[in-house]
Amino acid sequence: MTATPPAALPEHAVDCRACDSLLDLFRRQVARHPERPLISQRRQGRWQAQSWGAVAEQVDHLAAGLVAQGARPGQRVLLLSENRPEWLIADLAIMSAGGITTPAYVTHTVDDLVHLLSDSGAEIAIASTAALGARLLAALPRATACRTVILIEPVDDTPPEGVRALSWEAVLKAGEGQPRPASEAGLKRTDTACIIYTSGTGGAPKGVMTSHGAILHNCHGAQQVLNDLGLDDEIFLSFLPLSHAYEHTAGQFFPMSVAAHIHYAESVEKLAGNMLEVRPTIMTAVPRLYELLRQRTLSAMAQQGRVKRWLFQLALALGRRRLAGPLPPYLIPLDRLLDRLVRAKVAARFGGRLKALVSGGAPLTPEVGEFFTALGMRLLQGYGQTETGPVVSVNPPGRVRLDAVGPPLVDTRVRIAEDGEILVAGELVMQGYWNNPEATRAALDAEGWVHTGDIGRLEADGHLAITDRKKDIIVNSGGDNIAPQRVESALTLEREIGQAMVDGDRRPHLVALLVPDPGWLAELFGDDLPEDPEEVAADPTVRAGLEAAVKRANGRLQSIEKVRRFAIIGDPFSVDNGLLTPTMKIRRHAIRAAHGPRIEALYR
C-alpha cells in the first residue's frame, strides 16, 4: 500500500522534497526567519531563547572548529548529552563538517560507551555535563580510536594519554572567521546523517545508518498529516532523549521544518511545571508516559470531593459515548457544560493550547487513547522504528482511530508478509546496520523492504493496525499464539499495577512479574511506607491488592491470555538497572536474566 498524494504545505514549512540535506533545510529556514526564536532553555529562573540566526552562527563556528580538529567527511562523531541547545548545534555542525552524528544515551554505562565508540570507530566525541564527560573519559582507554574529546562543561578528570580534551568554547573560538566547510555544499539526500544505536530490547545495540533523505521524507510526511491542525507558530517541549530516533526526527527536525520554537524540558520530574510555563502546541511522547499521566489523573481525582468525582466520571462517560457516534440532542448542552467544568481544566494541566498529543515508540493501549480523547485531548498514535526514519504512519487529525496507527506517510510503501509481518519500503528505510552486514541482510531484503519484526494488518480504510512483535509472541505448550503486550497493557491499566511482564513460552499458562504502582503504595501505607522494596513486595496487603487487580484484568482477557500466577518485584524496572529502554519499553531478555528464578518458581 502507498499513501495518498501530498497536499499543500503549512505557511512556515520548507518543502522537504526540494532539500538536498538536513543542512539545506536548516539554511533555508535561517534565510527566511533569522530573528525568529528556534530554541530555548530555562536558565537562571527564566526561559532564554536563541534565534535561527544566532544558532546558525554557532553551527558555523563549531563546524569549522571540528574541521580544525581533524573532522572529515564520513567520520563518526559521538554525541553524549542531555537535551539542550548544544545538542542541536553539535548535530548540525557535525553534519556541516561532513561527519556522521552518533548519539549516545545519558544512561549509558562506561561499557556501553566503549561498545559505541569501538563499533562506530568515532575519532571525536562531545560530552555535556561533568559527570558525562568523566564517564566518557573513563571509556577511552578501551576505545583507542577516539583521540579528541570536546567538553561542553569542564571535567576535573585527566584525559588518558594521547587524548586531547578541549572545551566547547575553545572549539567555537577556533572556528570564528573560518569559512564554512566545503563538505556541506556537497551533502546529498543519500548521505548518512546519523548512526543511531537501537536501544537493545532484545540484545546488543546495532547502529542504524539513517540518511538525510530518510529524515526529510519523515518531515514532509508529518507536514502533510498535521497540516489540518493549522501548523503556525508551533511550540514544542522536548523531553524524550534526542539520542532516540523518534525525538531526533519528530522533536528536532520536524519542528525545524515548520519553523517551530523548541523548548528543552529541564527534566522529566519538572515536565508538568515546564508544560504550564511553555504551553506547548504539539507534544510527542511514548505510551508509557500517557499511561502514567492517566494513572496520576485518576489518583488525583480519587482525592477530590464527591461532586468533582461525579462530574469527571460523567465527562469521561459522555466523551466515550461521543467516540461511538453523535450524542443525542438532549445530551449536547450537558456535554458542552462539561467542556468548561472538566475538560478545560484537564487541558490547562498541559498548558491549555495543545493541538495534539502524538504517541509513538511503542503500541498505545486503546483504553489510554480513549481516556484522553474522551477528556477532549486529541491523541494521534503513530508507528515506526529506528530502521524507518523512524515514522511509518500516524493517525490524521480528521480520521483518528484509537485501535490503529494511521495510514502510511506519503511516499511510504507498506505490505504484509504471509506470516503477518509488516514490511516497509521507501526513502525512509535505513541504509543498513553499521559494521554488521549479517544483521543488515536479516532485516533489509534485496528489494529494499525492511522486515520490521512487527505483526499487523492493513485495514480497508487504509489504517495500519499493529498486533504484536514477531519475536515477542508467546507460543504456549498447547500451540496457541499469545501477544504479551496486550496482556501487559490490560494489567497496567489497573491502578495497583505500575509495571508488568508476562511470560509463558512453551508453558501451559501465563505468569507475570508485577511492580506495584508507587502512587497506590503511597495511598496504601501513607507515612508508614517501608523503605525496603522487598518488604513492600512481601506485604500481604500489597499481594491482596495485586490479586484483585489481576482478577479484574483477567476478566477482560481471553482464557489463554489469563495470568494464573504472579510474583511481586519490589524494585521497579528502570533505565538505570537496565530493565527498561530509554523510551520506557521493557527489555524482556534483561528482565528474564535478572528474575529468571522467580519466573521458574511460578511454574513449580
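The values are calculated or read from the model by the stated rules, or taken from the named source; none is laboratory data. All of these numbers come straight from a predicted model, not from anything done at the bench. We place every Cβ from the backbone using ideal geometry, glycine too, and count neighbours over all the protein chains shown.
Of all residues in the range 445-455 being under 23 Å from the mean Cα position of the chain (by Cα) and surrounded by fewer than 20 Cβ atoms within 10 Å (Cβ to Cβ), which is nearest to L409 (Cα to Cα)? Out of the qualifying residues, it is H451.
Does R588 count as over 28 Å from the mean Cα position of the chain (by Cα) and either surrounded by 13 or more Cβ atoms within 10 Å (Cβ to Cβ) or at positive phi (or both)? Answer is no for this residue. Going through (1) modelled with pLDDT under 90; (2) more than 20 Å from L38 (Cα to Cα) one by one, Q224 falls short only on (1). On the basis of being surrounded by fewer than 24 Cβ atoms within 10 Å (Cβ to Cβ), aromatic (F, W, Y), in the same structural domain as A127 (by TED's automatic domain parsing) and in contact with a Leu (Cβ under 9 Å, 6 or more places away or on another chain), does W52 make the cut? Against the criterion (surrounded by fewer than 24 Cβ atoms within 10 Å (Cβ to Cβ), aromatic (F, W, Y), in the same structural domain as A127 (by TED's automatic domain parsing) and in contact with a Leu (Cβ under 9 Å, 6 or more places away or on another chain)), W52 qualifies.
Here E277 meets the list (1) in a helix (DSSP H, G or I); (2) under 27 Å from the mean Cα position of the chain (by Cα); (3) at pLDDT below 95 almost entirely, failing just condition (3). In the range 196-234, the residue that is farthest from L80 (Cα to Cα) out of those that are in contact with a helix residue (DSSP H, G or I) (Cβ under 6 Å, 6 or more places away or on another chain) and of a type in the set (A, V, I, L, M, F, W, C) is A222. Remark: R76 matches the filter, which requires a residue to be buried (at least 24 other Cβ atoms within 10 Å of the Cβ) and of a type in the set (K, R).
Results for (1) assigned by TED's automatic domain parsing to the domain that holds N83; (2) closer than 15 Å to G98 by Cβ, shown as yes or no for each residue.
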site: S118; (1), (2): yes, no
site: A134; (1), (2): yes, no
site: D157; (1), (2): yes, no
site: W168; (1), (2): yes, no
site: P181; (1), (2): yes, yes
site: I196; (1), (2): no, no
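Listed by first and then second residue, the pairs linking a residue in the range 246-260 that is on the phi > 0 side of the Ramachandran plot to a residue that is hydrophobic (A, V, I, L, M, F, W, C), with Cβ atoms under 9 Å apart and 6 or more places separating them unless they lie on different chains, are A259/A13; A259/V14; A259/L38; A259/W52. Candidates in the range 374-404 are the residues that are among the β-branched types (V, I, T) and modelled with pLDDT of 95 or more; of these, the one that is surrounded by the most Cβ atoms within 10 Å (Cβ to Cβ) is V392.
The range 326-403 holds no helices (runs of 4 or more DSSP H) entirely within its bounds that carry 2 or more residues that are within 30 Å of D454 (Cα to Cα) and not assigned by TED's automatic domain parsing to the domain that holds L444. Across the range 482-489, not a single residue is classified as assigned by TED's automatic domain parsing to the domain that holds G360, part of a loop (DSSP other than H, G, I, E, B) and buried (at least 16 other Cβ atoms within 10 Å of the Cβ). The set of residues from the range 283-301 being surrounded by fewer than 18 Cβ atoms within 10 Å (Cβ to Cβ) and closer than 23 Å to P397 by Cβ comprises just one member, T297. Reported count of residues in the range 260-274, each being of a type outside the set (V, I, T) and outside any loop (DSSP other than H, G, I, E, B), is 7.
For the range 243-259, taking the residues that are over 9 Å from the mean Cα position of the chain (by Cα) and not in a helix (DSSP H, G or I), the one that is surrounded by the most Cβ atoms within 10 Å (Cβ to Cβ) is identified as S243. Would you please list the contacts, defined by Cβ atoms under 7 Å and residues six or more apart or on different chains, that run from a residue in the range 298-324 that is assigned by TED's automatic domain parsing to the domain that holds T492 to a residue that is outside any helix (DSSP H, G or I)? Nothing qualifies.
The single condition from (1) at pLDDT 95 or above; (2) in contact with a Lys or Arg (Cβ under 6 Å, 6 or more places away or on another chain); (3) surrounded by fewer than 17 Cβ atoms within 10 Å (Cβ to Cβ) that S477 fails is (1). Residues in the range 346-361 that are surrounded by fewer than 23 Cβ atoms within 10 Å (Cβ to Cβ) and more than 16 Å from P396 (Cβ to Cβ): V346, A347, A348, R349, F350, G351, G352, R353, L354.
Checking each residue in the range 425-442 for being in contact with a Phe, Trp or Tyr (Cβ under 7 Å, 6 or more places away or on another chain) and either modelled with pLDDT of 95 or more or of a type in the set (K, R) (or both) picks out A425, T440.
Only one of the listed residues (G478, G526, G519) is in contact with a strand residue (DSSP E or B) (Cβ under 9 Å, 6 or more places away or on another chain), assigned by TED's automatic domain parsing to the domain that holds G596 and either touching a residue at least 24 places away in the same chain (Cβ under 8 Å) or not hydroxyl-bearing (S, T, Y) (or both). That residue is G519. Here I466 passes the criteria (1) closer than 30 Å to E523 by Cα; (2) surrounded by 22 or more Cβ atoms within 10 Å (Cβ to Cβ) except the one numbered (1). The number of residues in the range 147-191 that are surrounded by fewer than 18 Cβ atoms within 10 Å (Cβ to Cβ) and within 30 Å of G426 (Cβ to Cβ) comes to 4.
From the list R543, R564, pick out the single residue that is of a type in the set (D, E, K, R), surrounded by fewer than 17 Cβ atoms within 10 Å (Cβ to Cβ) and over 20 Å from E523 (Cβ atoms). Walk me through it before giving the result.
Details: R543 fails: over 20 Å from E523 (Cβ atoms).
From the options R543, R564, the qualifying one is R564.
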